[in-house]
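Novice: Before I ask anything, let me first share the structure, which is written out below as structure tokens.
Quick note: the coordinates plus some simple rules give every number you see, no bench work behind them. Since the structure is predicted, the reported quantities are computational estimates derived from the model, not experimental observations. Counting neighbours? That spans all protein chains shown, and the Cβs are built from the backbone with ideal geometry, glycine included.
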Amino acid sequence: MKKKIAVLPGDGIGPEVMAQAINVLDCIAQKFGHEFIYTHGLVGGAAYDEYKEHLPQDTIDICNNADAILFGSVGGPVNAHTEEKWNNCEAKSILALRKAFNFNINLRKTEIYPELTALSPLKPDLVKNGLNIVVFRELLGDIYFGEHYLGERNSLRFASDVAEYNEEQIKSIAHLAFKTALTRNKNLVSVDKANVLATSKLWRQVVAEVALQYPDVKYQDMLVDNCAMQIIKNPAQFDVILTSNLFGDILSDELSVLSGSLGMMPSASFSSSGFALYEPAGGSAPDIAGENIANPIAQILSAAMMLGYSFAMHEEAKCIEEAIKTTIINGYRTQDLALGVASEKIVGTKEFTQQVIEAMQ
Ligand code: IPM
Ligand code: MG
């Protein structure tokens, strides 16, 4: 198969982990007889340097001409937001991309490998059998894209953010989440704040209606405050979590850290036409950029998700996922995964990927 990929490495560790994901894709192309055509585009601070914009039209055009988008990460040092280059850089890049391509569904996977359970901040007992949870997060509604106001009212400084949902937005993601649950452990938890919010009351009604079409899936509603607590109390109860934009943002960060490193969680954002963007859930980590120490796993797994979901290359995606497991079983670790035990081999970003590639062959 021949596929065109828009490659947007972005800032910080983005370019170096992206380079490794592409090495892995090249290996897949060779092994399975595919051709991947990469077109690089600038986004984030890197785009600002060149265009004085965080998401230039040239980059949008590259994405429009591609079969899928592979995104790295954007953003600068934490205390640099006073510079125009870094001010709101993440929102101006990634939120703008979501809007431009109607990416309304976000899928994030948490996996704890049995060899790495000791890295988890949770008690060993809670994660001893590993964890495998997916979050479906609605991405274009809720408080993110309603009207934002910051100004004055009644002579007081005043701000408001409007949260909005219509039933179609909820139905669309709910169907995909239930369909996915059917291919997994058939267990779906829908998360809301229906004891307070009108958007959550609608969310709950619509999800319950969709659930009737999937009688084989065990489904329950859970309030978001309870869910945040259950995730650290008994994470193994979760299989598929379905939730709205803001709750999904918060809960997916909570889930990503259960594995012990932010460098492990891949994600996919889909539009209803099926076009998609794949990116690591973690950030651009400018403090460790350029040192060949960043964990490339989330970026490589994002590329694997792209193969599976956008190109229906399921065997190829599996080949990458298995190779990462083998590399971990063989004791290779980037420094964020180090436990300080004798059996582990601490390697750099490139060397870790080299091991993944060897395991693929
Ligand atoms: C995420 C990020 C974004 C979000 C930020 C950068 C706007 O936190 O993808 O989870 O809130 O959606
Ligand atoms: Mg987030």
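Novice: Tell me the net charge near ILE94. Cut-off is 12 Å between Cβ atoms, ILE94 excluded, with +1 for each Lys or Arg and -1 for each Asp or Glu.
Specialist: So the environment of ILE94 carries a net charge of -1.
Novice: Here's another thing I want to ask about it. Need the C-alpha centroid separation for region 85-148 versus region 254-308, integer Å.
Specialist: If we compute the Cα centre of each part, the gap is 9 Å.
Novice: How charged is the neighbourhood of ILE170? Take every other residue with its Cβ under 12 Å from the Cβ of ILE170, and add Lys/Arg as +1 and Asp/Glu as -1.
Specialist: Overall, the nearby charge balance is -4.
Novice: Just to compare against my own numbers: the Cα pair-distance distribution for the chain, 20 Å bins, whole % per bin, please.
Specialist: That works out to 29, 60, 11, 0, in percent per bin.
Novice: Would you kindly state the longest site-free stretch of the chain, with sites defined as GluC sites (Glu not before Pro) in a DSSP loop (not H, G, I, E, B) surrounded by at most 13 other Cβ atoms within 10 Å?
Specialist: Longest site-free region, per DSSP loop and neighbour criteria: 148-290.
Novice: Give the shape of region 105-262 as rounded, prolate or oblate, defined through the alpha-carbon gyration tensor: a ≥ b ≥ c are the square roots of its eigenvalues, a/c under 1.5 means rounded, and otherwise the shape is prolate if a/b is larger than b/c and oblate if not.
Specialist: In terms of gyration-tensor shape, oblate.
Novice: May I ask you to compute the full-extension gain from GLU152 to ASN65, defined as 0.36 nm times their residue separation minus their alpha-carbon distance, rounded to one decimal in nm?
Specialist: 26.9 nm
Novice: Continuing with the same structure: Please give the length that would be gained between TYR38 and GLU254 if that part of the chain were fully extended, namely 0.36 nm times their separation in residues minus their C-alpha to C-alpha distance (nm, one decimal).
Specialist: 74.5 nm
Novice: So what's the net charge close to PRO9: Lys and Arg +1, Asp and Glu -1, counting the other residues with Cβ under 12 Å from its Cβ?
Specialist: With Lys, Arg at +1 and Asp, Glu at -1, the net is -3.
Novice: Within straight cross-link reach of LYS186, meaning Cα distance under 13 Å, which aspartates and glutamates are found once same-chain residues fewer than 8 apart are removed?
Specialist: Qualifying aspartates and glutamates at Cα under 13 Å: ASP216, ASP239.
Novice: 222 nm [θ] for the chain, helices only, -39500 (n - 2.57) per DSSP H run of 4+, per residue, to 500?
Specialist: -11000 deg cm²/dmol
Novice: Calculate the FRET efficiency for LYS123 and ASN102 from the Cβ-Cβ distance with a Förster distance of 51 Å, rounded to the nearest 0.05.
Specialist: The pair LYS123/ASN102 has a calculated efficiency of 0.75.
Novice: Based on Cβ point charges of +1 for Lys and Arg and -1 for Asp and Glu, what charge dipole magnitude is obtained for the chain about its Cα centre, in debye rounded to the nearest 20?
Specialist: 820 debye
Novice: I would also like to ask the following. Amide H of LEU242: which non-local residues (sequence gap of 5 or more, or other chain) have their own amide H closer than 5 Å, using H built in the peptide plane?
Specialist: PHE136, VAL189, SER190, VAL191
Novice: Okay, next question. Starting from region 166-236, pick out the trypsin sites (Lys or Arg not before Pro) whose DSSP state is loop and whose Cβ has at most 16 other Cβ atoms within 10 Å.
Specialist: Those that pass, being in a loop and sparsely packed, are ARG184, LYS186.
Novice: Also, I was wondering about something else. Let's see if you can work this out: charge +1 on each Lys and Arg Cβ, -1 on each Asp and Glu Cβ, no other charges. What is the dipole magnitude of region 294-361 about its Cα centre, in debye to the nearest 20?
Specialist: Approximately 120 debye in magnitude.
Novice: Also, quick follow-up: May I ask you to derive the FRET efficiency for ASP58 and ASN226 from their Cβ-Cβ distance with R0 = 51 Å, giving the value to the nearest 0.05?
Specialist: With a Förster radius of 51 Å, E is 0.65.
Novice: Mind checking which lysines have their C-alpha under 25 Å from LYS85, skipping anything on the same chain fewer than 8 residues away?
Specialist: LYS52, LYS99
Novice: Check cross-link reach from LYS201 to the lysines: straight Cα distance under 17 Å, and skip same-chain residues fewer than eight apart.
Specialist: Qualifying lysines at Cα under 17 Å: LYS171, LYS193.
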